[in-house]
Amino acid sequence: MRNQAVQKELKDDKLESALNALAVSIARWTEKGSYATAALPGLSLHRRPETSPPIALMYEPLICLIAQGAKRARLGDDTYVYDARHYLITSADLPTVAQIIAATQAKPYLGLVLKLNLYEISQLMVDSHIPPPRLRQSSRAMATGQVTLPLIAAFQRLVDLLDEPEDIPILAPMIQREIHYRLLVGDQGIQLRQMASAGSQSHQIARAIQWMKGNFTRPLHIGDLAAQAHMSPSTFHRHFRILTAMSPLQYQKWLRLNEARRLMLNERLDAATAALQVGYESPSQFSREYSRLFGAPPRRDITGLLQPISDKTA
């Protein structure tokens with residue numbers, strides 16, 4: 001028993017050292033703020049010296065790894081808290097509300113995000129003879145998992161490549177493949193295997209989600225989507241909710257309302273015009289659903305977002 005305790009302590013010390021080293025690397029690349037790497041598409045490094053308000057955004061298939069600090073994500077009624085010892089993984093496009101909950105000037109939030117390539121993961125399963133899950137049923141497409149030393153080491157090598165851009169075309173795909181492998185055989189690997197397995201219900205729902213993202217202004221016909229997924233409408237609806245924690249109609253509303261918010265914020269459209277562009281026929285319905293999601297009617301919400309930070313804190 002004593003030997004096991006000693007081994008566990010040594011393992012924890014190694015993991016802590018690896019996380020500290022990764023935090024130093026992220027901090028160096030984010031001295032001026034978050035950094036989306038052009039040389040390594042899909043990888044972004046993040047720093048924040050204070051906690052953040054909840055922000056609604058779309059999480060693509062990705063892994064979020066934190067070297068310092070903590071974050072909270074809300075998917076429907078589910079809440080996920082993750083930190084330096086726990087990563088967040090998503091295996092579908094999910095409307096999420098995210099918030100940094102642990103960060104200070106002295107110990108800023110330091111993390112990274114790597115988008116996952118489900119096609120490459122599917123190919124890796126074939127090449128590595130990793131079997132698809134026996135149960136082909138859908139499960140939630142967001143989860144937290146235990147960080148491991150091999151996973152941290154792979155990410156450290158990936159970040160280190162930013163200092164050797166000439167090596168990125170050759171080495172980055174190899175390291176990303178290793179990261180995919182570590183996730184596939186990790187404690188949340190079944191999610192990725194479900195999503196990457198052609199013919200699984202999760203895979204079929206993911207294809208329907210892609211269609212919805214590109215056609216959210218059009219009327220939603222569950223029967224047509226279910227037919228494309230080779231499911232009955234009731235089965236499609238049930239598995240869609242399992243995967244995304246919301247109904248197809250709620251998912252479409254989220255897409256529409258966030259696009260309307262973007263149009264009002266970035267292109268200065270008025271609420272009625274934005275509502276029409278994203279598929280709403282009733283301005284009053286748009287205003288009600290907008291207020292329900294963002295906590296304020298369109299005009300007040302956009303005015304608040306455009307208000308200078310100094311005015312908000314005065």
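Per-structure values
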{"quantity": "Region 1-158 shape via C-alpha gyration tensor axes, a/c threshold 1.5", "calculated": "rounded"}
{"quantity": "Tail fraction, Cα-Cα pairs, region 160-207, threshold 14 Å, whole percent", "calculated": "61 percent"}
{"quantity": "Range of Cα positions in the chain per principal axis (Å), largest first", "calculated": "66, 56, 45"}
{"quantity": "Cα-based reach from residue 107 at 25 Å (exclusive), listing lysines while leaving out same-chain residues under 8 positions away", "calculated": "11, 14, 32, 71, 312"}
{"quantity": "Compactness of region 175-243 as Cα Rg over 2.2 N^0.38 Å, two decimals", "calculated": "1.30"}
{"quantity": "Table column - 3J(HN,Hα) (Hz), region 30-38, Karplus curve with 6.51, -1.76, 1.60, x for Gly and Pro", "calculated": "10, 4, 9, x, 4, 9, 8, 6, 6"}
{"quantity": "Additional length obtainable on full extension of the chain from residue 156 to residue 39, 0.36 nm per residue less Cα span", "calculated": "40.5 nm"}
{"quantity": "Amide proton proximity set for residue 102, modelled H, under 5 Å, gap of 5+", "calculated": "70"}
{"quantity": "Restricting region 231-302 to GluC sites (Glu not before Pro) in coil, as DSSP defines it, with at most 12 other Cβ within 10 Å", "calculated": "267, 281"}
{"quantity": "FRET E, pair residue 284, residue 234, Förster distance 30 Å, beta-carbon r, rounded to 0.05", "calculated": "0.45"}
{"quantity": "Phi-based couplings in Hz for region 217-223 (Karplus 6.51, -1.76, 1.60; Gly and Pro marked x)", "calculated": "7, 8, x, 9, 10, 4, x"}
{"quantity": "Selected from 304, 145, 33 as most flexible by GNM, with the chain as the system and alpha-carbon contacts under 10 Å", "calculated": "304"}
{"quantity": "Most mobile of 160, 187, 78 in a GNM of the chain (Cα contacts under 10 Å)", "calculated": "78"}
{"quantity": "Simple spin-label estimate for residue 126 and residue 171 in nanometres, 7 Å along Cα-Cβ", "calculated": "3.0 nm"}
{"quantity": "Alpha-carbon radius of gyration plus Dmax, which is the widest Cα pair, for region 250-313 in Å", "calculated": "11.6, 37"}
{"quantity": "For region 42-49, Karplus couplings with θ = phi - 60° (6.51, -1.76, 1.60), whole Hz, Gly/Pro x", "calculated": "x, 9, 9, 10, 9, 9, 8, x"}
{"quantity": "Size descriptor, Kirkwood hydrodynamic radius, that averages inverse alpha-carbon separations across region 179-298, Å", "calculated": "15.9 Å"}
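Any read-out appearing in this document is the output of simple, stated calculations on the displayed coordinates, not a laboratory observation. Since the model is a prediction, treat every value here as computed from it, not as a measurement. We place every Cβ from the backbone using ideal geometry, glycine too, and count neighbours over all the protein chains shown.
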